[in-house]
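Have a look at the structure below before the remarks.
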Amino acid sequence: MAFPLSSSITLSFTPSTPKRHFLSTHLAFRFNQARSQENARPFQLKVQCKASKEAFVKDKSQCRNIPTSFNLSNLINGTMKLENVIAVILILAEITSPLPLAGWDFWSISPANAVLYSPETKLPRTGELALRRAIPANTNMKAIQDSLEDISYLLRIPQRKPYGTMEGNVKKALKIAVDGKDSILASIPADLREKGSTLYSSLVDGKGGLEALLKSIKDQDPDRVSVGLASSLDTVAELELLQAPGLSFLLPEQYLKYPRLTGRAIVELTIEKGDGSSFSPEAGGELRKTATIQVVLDGYSAPLTTGNFAKLVTDGAYDGTKLSCINQAIISENDTGKNGYSVPLEIMPSGQFEPLYKTTLSVQDGELPVLPLSVYGAVAMAHSEVSEEYSSPYQFFFYLYDKRNSGLGGISFEEGQFSVFGYITAGREILPQIKTGDVIKSAKLVEGRDRLVLPSES
């Protein structure tokens with residue numbers, strides 16, 4: 001018959017490791033279960049620290065013998081439960097590991113823990129939000145936008161919502177809008193300023209403006225708050241687009257030979273079933289032989305990639321293109337006969353003002369793109385068959401983001417590896433209905449042709 005383990009463990013050590021903070025520590029653990037002194041026998045255990053390139057301790061002179069004395073109670077009949085032995089071993093491993101004390105070296109935690117595996121990562125969850133954040137607008141408008149977007153996260157809190165905090169956010173946005181009126185309007189080109197003034201008035205005290213939003217929050221009506229917030233953010237985006245008539249940076253000279261998009265554009269793709277079947281009807285409608293997807297291209301963050309795609313669309317290169325469904329993506333066929341440009345991989349990191357070329361981002365080091373892949377309906381170019389430093393001249397894909405296949409922070413494991421250049425803003429609901437063999441019947445550039453600059457026009 002086995003009896004419970006009863007013991008007293010005393011460990012004293014003072015590790016010394018470079019660039020880490022520890023305290024001289026005396027740890028005592030006692031298993032205060034029934035003990036018998038009949039067969040008690042003490043023994044000594046020494047744990048030797050060894051130098052290793054992978055370990056925190058890099059100099060053997062810093063290693064110490066750690067004397068650890070154990071007084072174990074007698075084990076009646078010399079038997080012990082296996083789980084108690086394992087428990088002691090695990091405790092020893094935990095105690096003797098060189099772990100920093102909580103709070104002493106918090107800033108040295110790998111950024112990957114804060115980005116890939118943090119449930120608090122505020123990554124855009126919709127294409128509309130990602131596109132709004134990508135607009136290079138006036139700093140006052142960005143401050144208003146940030147204050148309002150925080151309310152979106154507060155609205156997700158169930159039951160007792162923090163209306164007081166929401167009210168503070170709207171008042172802050174109102175103050176910035178009123179105090180910064182001249183700066184906001186001065187950032188709009190003269191020929192668009194009248195339109196900007198109208199939008200500004202709508203933002204401040206219009207039907208769907210900040211004053212109306214403030215009243216909804218005071219009434220503690222979450223539905224009205226949600227609708228009013230969406231309206232205010234739409235107006236903010238319209239104002240910001242007026243403030244950004246072109247690129248906010250100069251392209252490297254060697255890339256001026258490529259087509260480029262100097263702002264936003266909209267492409268409509270008409271999809272039809274390859275097997276002659278139909279798409280599910282819209283609410284109250286009938287079965288559809290074709291369905292339409294609307295994609296907003298963001299030239300502010302990926303001017304070369306969007307420029308190449310927009311040129312291919314205007315040339316009719318995607319008309320009749322077959323689609324294939326692979327893991328988490330719907331990809332176009334790779335027709336090497338099309339006259340696309342082999343554009344370098346183009347990714348703009350968050351916090352920077354121009355894209356990086358021919359290089360991926362390291363999410364492990366905390367780098368995130370302005371246009372994240374981790375959004376359902378993101379549109380990106382496939383890699384070139386020749387080199388991953390370049391995008392395919394022609395082949396693109398719709399990304400079917402699934403949080404279940406991502407890190408705890410909701411970030412795709414492919415994040416920062418592809419040139420994302422836009423998002424589906426209408427027609428996302430048909431993506432699950434698209435099957436391998438379905439066809440892009442037509443692709444049209446319905447807005448933004450005036451922002452497409454071709455090499456001959458440079």
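The values are calculated or read from the model by the stated rules, or taken from the named source; none is laboratory data. Nothing here was measured: the structure is a model prediction, and the numbers come from that model. Cβ: placed from backbone, ideal geometry, glycine included. Neighbour counts: every protein chain shown. Protein only, heavy atoms only, side chains kept; ligands, DNA and RNA dropped before computing areas. Shrake-Rupley method; radii C 1.70, N 1.55, O 1.52, S 1.80 Å.
Data for the structure
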{"item": "Count of residues meeting criterion [closer than 24 Å to Val453 by Cα, open to solvent by 50 Å² or more (accessible area, probe 1.4 Å) and at pLDDT below 95] in the stretch 252-283", "result": "4"}
{"item": "Enumeration of residues in the stretch 284-301 that are surrounded by 22 or more Cβ atoms within 10 Å (Cβ to Cβ) and farther than 18 Å from Lys273 by Cα", "result": "Val295, Val296, Leu297, Asp298, Gly299, Tyr300, Ser301"}
{"item": "Any pair with Cβ under 7 angstrom, 6 or more apart, that starts in the stretch 403-416 at a residue that is within 15 Å of Arg125 (Cβ to Cβ) and ends at one that is open to solvent by less than 100 Å² (accessible area, probe 1.4 Å) and outside any loop (DSSP other than H, G, I, E, B)", "result": "Gly409/Val115; Ile411/Val115; Ile411/Val363; Glu415/Val363"}
{"item": "Selection status of Ile411, among the hydrophobic types (A, V, I, L, M, F, W, C), assigned to a loop (DSSP other than H, G, I, E, B) and in contact with a helix residue (DSSP H, G or I) (Cβ under 9 Å, 6 or more places away or on another chain)", "result": "yes"}
{"item": "Those residues of the stretch 385-409 which are crowded, with 18+ Cβ neighbours inside 10 Å and either under 15 Å from Glu346 (Cα atoms) or at pLDDT 90 or above (or both), in sequence order", "result": "Tyr390, Ser391, Ser392, Pro393, Tyr394, Gln395, Phe396, Phe397, Phe398, Tyr399, Leu400, Tyr401"}
{"item": "In the stretch 302-320, the residues that are of a type in the set (Val, Ile, Thr) and either modelled with pLDDT under 95 or open to solvent by 50 Å² or more (accessible area, probe 1.4 Å) (or both)", "result": "Thr314"}
{"item": "Inter-residue pairs, beta-carbon under 8 Å, first in the same structural domain as Glu333 (by the TED database) and under 21 Å from Lys358 (Cβ atoms) and in the stretch 299-317, second open to solvent by 10 Å² or more (accessible area, probe 1.4 Å) and part of a helix (DSSP H, G or I), 6+ apart", "result": "Gly299/Arg451; Leu304/Tyr255"}
{"item": "Hey, Ser412 surrounded by 16 or more Cβ atoms within 10 Å (Cβ to Cβ), within 21 Å of the chain's Cα centre (by Cα), more than 23 Å from Arg260 (Cβ to Cβ) and polar (S, T, N, Q) or not", "result": "yes"}
{"item": "Residue ranges of helices (runs of 4 or more DSSP H) in the stretch 179-250 with at least 2 members in contact with a Ser or Thr (Cβ under 9 Å, 6 or more places away or on another chain) and of a type in the set (Ser, Thr, Tyr)", "result": "193-205, 222-243"}
{"item": "Residue that is nearest to Glu333 (Cα to Cα), among those in the stretch 430-458 that are surrounded by fewer than 19 Cβ atoms within 10 Å (Cβ to Cβ), out of contact with any Ser or Thr (no Cβ under 6 Å at 6 or more places or on another chain) and small (Gly, Ala, Ser)", "result": "Gly437"}
{"item": "Residues satisfying the stated conditions in the stretch 209-228, i.e. within 29 Å of the chain's Cα centre (by Cα), open to solvent by 10 Å² or more (accessible area, probe 1.4 Å) and not charged (D, E, K, R)", "result": "Pro222, Ser226, Val227, Gly228"}
{"item": "Residues located in the stretch 287-327, provided they are among the aromatic types (Phe, Trp, Tyr) and in a loop (DSSP other than H, G, I, E, B)", "result": "Tyr300, Tyr318"}
